[in-house]
Amino acid sequence: MALPSLQLFHCLTPRPPSNGCKTTMATLSSASGKTVLRFSPGVWGSPEFDSCRLRVVGGGKYRTLAVVSEEGTEVENGSDEQVEELGQKVPERDFTGTPYVPIYVMLPLGAINMNSELVEPEVLMDQLRVLKSVGVDGVMVDCWWGIVEAHNPQAYNWSGYKKLFQIVRDLNLKLQVVMSFHECGGNVGDDVHIPLPHWVTEIGQKNPDIYFTNREGQRNMECLTWGIDKERVLRGRTAVEVYFDYMRSFRVEFDEFFAEGIISEIEVGLGPCGELRYPSYPAQHGWRYPGIGEFQCYDRYLMENLRKAAEARGHSFWARAPDNAGSYNSQPQDTGFFRDGGDYDSYYGRFFLNWYSNVLVDHGDRVLSLANLAFEGSCIAAKLSGIHWWYKTASHAAELTAGFYNPCNRDGYAPIAAMFRKHVAALNFTCVELRTSSQHEDFPEAMADPEGLVWQVLNAAWDANIPVASENALNCHDREGYNKILENAKPLNDPDGRHLSAFTYLRLSPVLLERHNFMEFERFVKKMHGEAAPDLQINSNEEHTEDSSAILQ
């Protein structure tokens, strides 16, 4: 019997097929090294299809399964409901004996409430025991400025954090502590709202120029503009003095945890989301991926800084931001500034972008200098965000609006790495779990290249001889994502044996502790530690609703 061609699309494919072909639902599972397809009787619509062989077409999460049956070929009748041997499992790299990379897990954003109280300590303690049981080295916690110094200047309340740190110490875990000088809420993954201190927002009501501002005059209250780093507008103190006093208070309050080595690292927040970048793509102002974002330099303090820079250059008429850079959701080619051959590469464009990025580097320089003073002898770090969209274009527009002067003809991360080296600070980078091929499948218009960006930033840091740590940008529970992290953590055949100094997993949640997710996570931890990690098989017919405590019994 002659059969027409038929495609069966993988059930995980998020998009329906666009070619009008017939589809059906099915379940894929693995057993004994073989991939097995199961489907209900008669679902093909014709029993002749039951005995057809299948082949894998395409790659990644958009694999399709095509029936192998050419026109005019007789196909034997059959009733078997399994089609096997779609292909052997892809060999995975063996990380046994590779360098030990410590694993930390971020605690929930709301672990400490607005009254500086530890939320559900018994539940958290049980979860930390589970993490400890699979070899996790420690946890990361945000010390929120908006909680600790909430009501009055230099009136600090560390009580909830003290209880939390005691639990961590009792379990013999380490601590990465983030000095979080930004607002929580409104960004990807934010499930609580923690504003800036009340006394700061009161100042902002009278003087909104303490916040980053866009061309339309919209204020971004996620963090303070770097324009007031040296301006005494916070009840007699500059912004960097406020940050220093906060860090010094923390150092004194938790001296015993430093002395005992429980606190292994202090990560210093340098901007929105704790990252050294401008808040160029705020969702609350209408930005949507993969928009290029907007320059954030229109508060009067930064504009005055720009005016002085233009006069010093001898071109006072350059004391302005670009007026042809589009808006939050523009694409580079639609703007006069970012398009190929656009004004970003003109004399004025290069002046402005150099000034804009220098303000970013200078801010990091000032705050990390004071952090070293406050935490003398302790390891400090700061985080960069992975702005990977539009990386494959000439201008790298999204990076430019965020303050990374990294067009195709310039290395914008080398000056940042050099600044980190000056302060002996580790660089923490995001998005190491993302694959360029997946980004192209999901958003081909974004011209994204996370793998290229990660490679550039990691090498800029390693070339500057500074430690490089990392974390995932989005939730990650699958082996494909973990394997990508491992590839970046321990580059294959690196002649210098370079590797990440630590990895922090985002984030502790009930989803992570579900049985199948936690088994994959445990396997990942072993590989990051350089231990043998057997391939853990899970019955595909099980209901994966048990928490991880069942694994450990």
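Odds and ends about this structure:
- Residue pairs meeting the criteria (Cβ under 6 Å; at least 6 apart or on separate chains; first closer than 23 Å to residue 224 by Cβ, in the range 301-322; second assigned to a loop (DSSP other than H, G, I, E, B) and open to solvent by less than 70 Å² (accessible area, probe 1.4 Å)): 306/319; 307/319; 321/295; 321/297
- Test set (1) within 24 Å of residue 470 (Cβ to Cβ); (2) touching a helix residue (DSSP H, G or I) at 6+ places or on another chain (Cβ under 6 Å); (3) aliphatic (A, V, I, L, M); (4) part of a loop (DSSP other than H, G, I, E, B) - residue 109 fails condition number: (2)
- For residue 158, the stated conditions do not hold, so it cannot be described as in contact with a strand residue (DSSP E or B) (Cβ under 6 Å, 6 or more places away or on another chain) and among the aromatic types (Phe, Trp, Tyr).
- Each residue in the range 286-325 was checked for being assigned to a loop (DSSP other than H, G, I, E, B) and aromatic (Phe, Trp, Tyr), and 4 pass.
- Per-region count, the range 70-107, residues open to solvent by less than 60 Å² (accessible area, probe 1.4 Å) and modelled with pLDDT of 95 or more: 10
- Just one of the listed residues (454, 511) is within 23 Å of residue 411 (Cβ to Cβ) and not acidic (Asp, Glu), and it is 454.
- Those helices (runs of 4 or more DSSP H) lying entirely in the range 411-528 with at least 2 residues under 19 Å from the mean Cα position of the chain (by Cα) and surrounded by fewer than 17 Cβ atoms within 10 Å (Cβ to Cβ): 436-442, 450-463, 479-489
- Checking each residue in the range 350-385 for being among the small types (Gly, Ala, Ser), in a helix (DSSP H, G or I) and farther than 20 Å from residue 414 by Cβ picks out 371, 374.
- Residue 116 vs. criteria of a type in the set (Gly, Ala, Ser) and open to solvent by 60 Å² or more (accessible area, probe 1.4 Å): no
- Residue satisfying all of: in the range 247-280; among the hydroxyl-bearing types (Ser, Thr, Tyr) and over 14 Å from residue 216 (Cα atoms); surrounded by the most Cβ atoms within 10 Å (Cβ to Cβ) among these: 278
- Qualifying residue in the range 400-409 (condition: of a type in the set (S, T, N, Q), within 30 Å of residue 336 (Cβ to Cβ) and crowded, with 23+ Cβ neighbours inside 10 Å): yes
- Sole exception among (1) under 20 Å from residue 382 (Cβ atoms); (2) in contact (Cβ under 8 Å) with a residue 40 or more places away in the chain; (3) in contact with a strand residue (DSSP E or B) (Cβ under 9 Å, 6 or more places away or on another chain) for residue 463, by number: (3)
- Identity of the residue in the range 322-379, of a type in the set (Gly, Ala, Ser) and in contact with a strand residue (DSSP E or B) (Cβ under 7 Å, 6 or more places away or on another chain), that ends up surrounded by the fewest Cβ atoms within 10 Å (Cβ to Cβ): 378
- Checking residue 148 against (1) farther than 22 Å from residue 428 by Cα; (2) of a type outside the set (Ser, Thr, Tyr); (3) free of Cβ contacts under 8 Å to residues at least 40 places away in the same chain, the condition it does not meet: (3)
- In the range 198-222, the residues that are outside any helix (DSSP H, G or I) reach residues that are open to solvent by 20 Å² or more (accessible area, probe 1.4 Å) and of a type in the set (Val, Ile, Thr) with C-beta atoms within less than 9 angstrom, at least six apart or across chains, in these pairs: 207/233; 221/201.
The values are calculated or read from the model by the stated rules, or taken from the named source; none is laboratory data. Small disclaimer: the values here were computed from a predicted structure and weren't measured. Note that we place each Cβ from the backbone using ideal geometry, even for glycine, and neighbour counts take in every protein chain shown. Just the protein is used for accessible areas: all its heavy atoms, side chains included, with ligands, DNA and RNA removed. Shrake-Rupley method; radii C 1.70, N 1.55, O 1.52, S 1.80 Å.
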